[in-house]
Every structure is written in C-alpha cells, then in structure tokens.
Amino acid sequence: MSGGELAIARSVDFPAEKVYFHGNNKLREEIELALSWGVGRIVVDNIEELSQVNEVAREAGITQRIMLRLTPGIDAHTHQHITTGVIDSKFGLSIVTGHAEEAAAKALSASNLDLIGLHVHLGSLIFSVEPYQQAVKIIIQFAAQIGDRYGFDFREFSPGGGFAVTYTRDTPTPDVTYYASAIADSIQSSCRQLGIQQPRLVVEPGRAIVGRAAIAIYRAGAIKDIPGVRKYVSVDGGMADNIRPALYGSRYEALVANRVREAVAEQVTIAGKFCESGDILVKDVQLPNIAAGDLIALPVCGAYCLPLASNYNASLRPAVVLVNDGKARVIRRRESYDDLMHCDFV
Ligand SMILES: Cc1ncc(COP(=O)(O)O)c(C=O)c1O
C-alpha cells in the first residue's frame, strides 16, 4: 500500500515479482520505486494512475504487468470503515459507472502495460461466503464482456482478502476451506457458464494469516470502581498500540495472564492510558479479581495493531517478543524517548 511497505519488503529481500502493489492514491515516486524494484503487479485503482504507470514504465523502457481493482457494488456486511466493495467507496473502479470498462480499454491499448487480470477486495472480517460468490460472478461476467469487446485475456483473478478470524467466543469463524471452496467453485461455474478459460486464482488474506500470531500483554495500573456504574482497570497501553476498538468498535476477549486458572469474579472494563474517553480496549469483560501489577492479555493482536500504532501523547510503541519452541527473543525493541525526538530540529 505504500513506498514504506515496499522498502520493508525490499530490506528483507522479499521477491519483488511476488509483490502486488495496492493503493488508491499511489504517489508518482512510489510508482517509480515499485517499477524500478521490479514488483510483479501494480493493482491499478483509478484511470489517472493507469496513465502514470504507463508513463513511468515507458520512461523505464519496460512493460509493467497490472491488474485493475474493481468495485463490484457489493456490501460485505461488515463495519462501514472496513467495507470496500460498495459503489460509494474511495477504492477501485466501479463497474456500474463505466469506469472499469474505460480503464480496461485504456489499459489494453496502452503502450507499456500488460493487463493480466482483475482484482476485488470486498472488505475485512467477512464471515460468510455469499459476498465472495456474488463478486466472483460479477467480475467474471465483466471479464467475459471485456474479452468480447477488447480482446482481454483474463489470466489472473484476485478476490482479495477479508477472511474472518475469531476475536471473541461468540463470533466463531468459518474454516478457511469454506472460503476457498466457495470461491473456487464459483469461479469454475461462472467460467464454464460463460465459456471462458479459468484464470489463475490469487488470494490476499492478511488477518487470517497473522491475526492469531500475537498476544498483546498489558500491565494493570489504576483501578477505578464507580459503584453501580462500572469498574475501570487502566493499563499501560491502549489506543496508541491498538486503535481497533476506538476506530471500528472492535471487541476482544481478555485474560489475566498471571491468574488464568482463577475463577471469574467480577466484570471490569479495560481502559487505555491515553487522553481520550474513547480509549477503551475491552468493555465489560468477566475476569478474576484484578490488582495493580497483574498482566492482562488480549489474544488476536497480530493484525492491524502495531501497523496502526501511533505515538499519541508521546507514548512509546511497545517491544515485540517472538516466542518459539519455549524460547523468547525480542524482535523489535521498545521505542525510547530519544526516538520521539529523532526527526525534530531544535
Ligand atoms: C487490497 C487488500 N487486500 C487484502 C487485504 C487484507 O485484508 P484482511 O486482513 O481482512 O484479510 C487488505 C486489507 O486492508 C486490502 O486492502
């Protein structure tokens, strides 16, 4: 999604040809960086970008493989901040407005672009397969139409990511095979029906891969009991390291890590330490009796927590510890106060 992500991928020698570069407003210098590094696909989001990528590719003397990101006009019935396939979205080329067809025609006649496929990302935390099935049908119909009208060779299709993970006990998640077979079956049947060749299928699960890989550990501090109202337990982090509850109303389970075997004794609300009343990590959770100093664990913090982290209130982003086979290793150090002043000229 950005030059920064390209730089990180490059720093660990991630194979450039496997990179799909997304973004609704890729900067010229980001496009230049992507092409000079040799990224496999630019997933073009709008018509203006199409011309820019063609221009940069021409200047570099290359032909760039691209996909078009389409908005099929489907509501994935998830939180409005994480639904992206609807017409009223900042992302993608809409099929119903004609922008998608215009972009496809332009891409196919561009001197330095190779339009190899179509992409759609419906949003995140999608618990049912219906939106994917609908999207596949719409995209494949579009591919067939573009094939007839402009000779488009549909070689690759990506239905994006969005596979859900279980954050709380009351929202169990479908198995990944449920999504996989529904998507694959709809591609096969749509292609068969329209008499077109099946494209290569590429998926982009994010959260479903890394979400469960991390547990956030906080230390309980101030405890405020308002009789008959609520008991707040404040911790040493909050919205600066996990903005999801404040941004999307996301819910988490919590555990007292040093008392996991103790019985539930009270209902508390886990609050962050930042200067916002909305800085609440988990509202009304049943836990054993908590005292200052206890460790509170929030599972499923491997996605959209640290990448969305900030230095709000000049706080320090936390360390990351990798635990593997009973061995622990710090793989990202905690920030220091010096880091906060790093970019300032005084
Ligand atoms: C284009 C695109 N693909 C894939 C993903 C991954 O989504 P998720 O983590 O919900 O699977 C995102 C997330 O924002 C995205 O924007």
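Please count how many residues of the stretch 184-210 are within 15 Å of the ligand (Cβ to nearest atom) and either out of contact with any Leu (no Cβ under 9 Å at 6 or more places or on another chain) or more than 23 Å from residue 42 (Cα to Cα) (or both).
9
Quick check: anything in the stretch 13-24 part of a helix (DSSP H, G or I), under 18 Å from residue 60 (Cα atoms) and assigned by TED's automatic domain parsing to the domain that holds residue 121?
Yes, that holds for at least one residue.
Keeping to the stretch 160-186, report how many residues are in contact with a His (Cβ under 8 Å, 6 or more places away or on another chain) and surrounded by 21 or more Cβ atoms within 10 Å (Cβ to Cβ).
Residues flagged as in contact with a His (Cβ under 8 Å, 6 or more places away or on another chain) and surrounded by 21 or more Cβ atoms within 10 Å (Cβ to Cβ) within the stretch 160-186 amount to 2.
When the residues of the stretch 216-249 are narrowed to those that are surrounded by 19 or more Cβ atoms within 10 Å (Cβ to Cβ) and among the hydroxyl-bearing types (Ser, Thr, Tyr), which ends up nearest to the ligand (Cβ to nearest atom)?
218
What are the residues in the stretch 142-165 that are within 16 Å of the ligand (Cβ to nearest atom) and part of a loop (DSSP other than H, G, I, E, B), if any?
Of everything in the stretch 142-165, those that are within 16 Å of the ligand (Cβ to nearest atom) and part of a loop (DSSP other than H, G, I, E, B) turn out to be 159, 160, 161, 162, 164, 165.
Surrounded by 20 or more Cβ atoms within 10 Å (Cβ to Cβ) and away from the ligand (no atom under 16 Å from the Cβ), is that true of residue 139?
no
Kindly establish whether residue 179 is out of contact with any Asp or Glu (no Cβ under 6 Å at 6 or more places or on another chain), in the same structural domain as residue 307 (by TED's automatic domain parsing) and among the aromatic types (Phe, Trp, Tyr).
Here the answer is no, as residue 179 does not meet what is asked.
For the stretch 136-172, which residues satisfy the criterion of being of a type in the set (Lys, Arg) and modelled with pLDDT under 95?
169 - this is the single residue of the stretch 136-172 that is of a type in the set (Lys, Arg) and modelled with pLDDT under 95.
When you go through (1) away from the ligand (no atom under 14 Å from the Cβ); (2) touching a residue at least 40 places away in the same chain (Cβ under 8 Å); (3) farther than 21 Å from residue 200 by Cβ one by one for residue 127, which number turns out not to apply?
Single failed check for residue 127: (1).
Being in contact (Cβ under 8 Å) with a residue 60 or more places away in the chain and under 30 Å from residue 341 (Cβ atoms) narrows it down to one residue among 309, 297; which is it?
Unique residue meeting the criteria: 309.
Of all residues in the stretch 188-208, which are in contact (Cβ under 8 Å) with a residue 12 or more places away in the chain and either assigned to a helix (DSSP H, G or I) or of a type in the set (A, V, I, L, M, F, W, C) (or both)?
190, 191, 194, 196, 201, 202, 203, 207, 208
Report whether or not residue 213 is within 16 Å of the ligand (Cβ to nearest atom), over 20 Å from the mean Cα position of the chain (by Cα) and either surrounded by fewer than 19 Cβ atoms within 10 Å (Cβ to Cβ) or not assigned by TED's automatic domain parsing to the domain that holds residue 43 (or both).
For residue 213, the condition - within 16 Å of the ligand (Cβ to nearest atom), over 20 Å from the mean Cα position of the chain (by Cα) and either surrounded by fewer than 19 Cβ atoms within 10 Å (Cβ to Cβ) or not assigned by TED's automatic domain parsing to the domain that holds residue 43 (or both) - is not met.
Every residue in the stretch 36-45 that is touching a Phe, Trp or Tyr at 6+ places or on another chain (Cβ under 9 Å) and not acidic (Asp, Glu), please.
39, 40, 41, 42, 43
Residue 338: modelled with pLDDT of 95 or more and either surrounded by fewer than 10 Cβ atoms within 10 Å (Cβ to Cβ) or not assigned by TED's automatic domain parsing to the domain that holds residue 232 (or both), yes or no?
yes
So which of 30, 48 ends up being on the phi < 0 side of the Ramachandran plot, exposed (fewer than 15 other Cβ atoms within 10 Å of the Cβ) and at pLDDT 95 or above?
Residue meeting the stated conditions: 48.
The values are calculated or read from the model by the stated rules, or taken from the named source; none is laboratory data. Given the structure is predicted, the values throughout are model-derived calculations rather than measurements. FYI the Cβ positions are ideal-geometry reconstructions off the backbone, even for glycines, and counts take in every protein chain you see.
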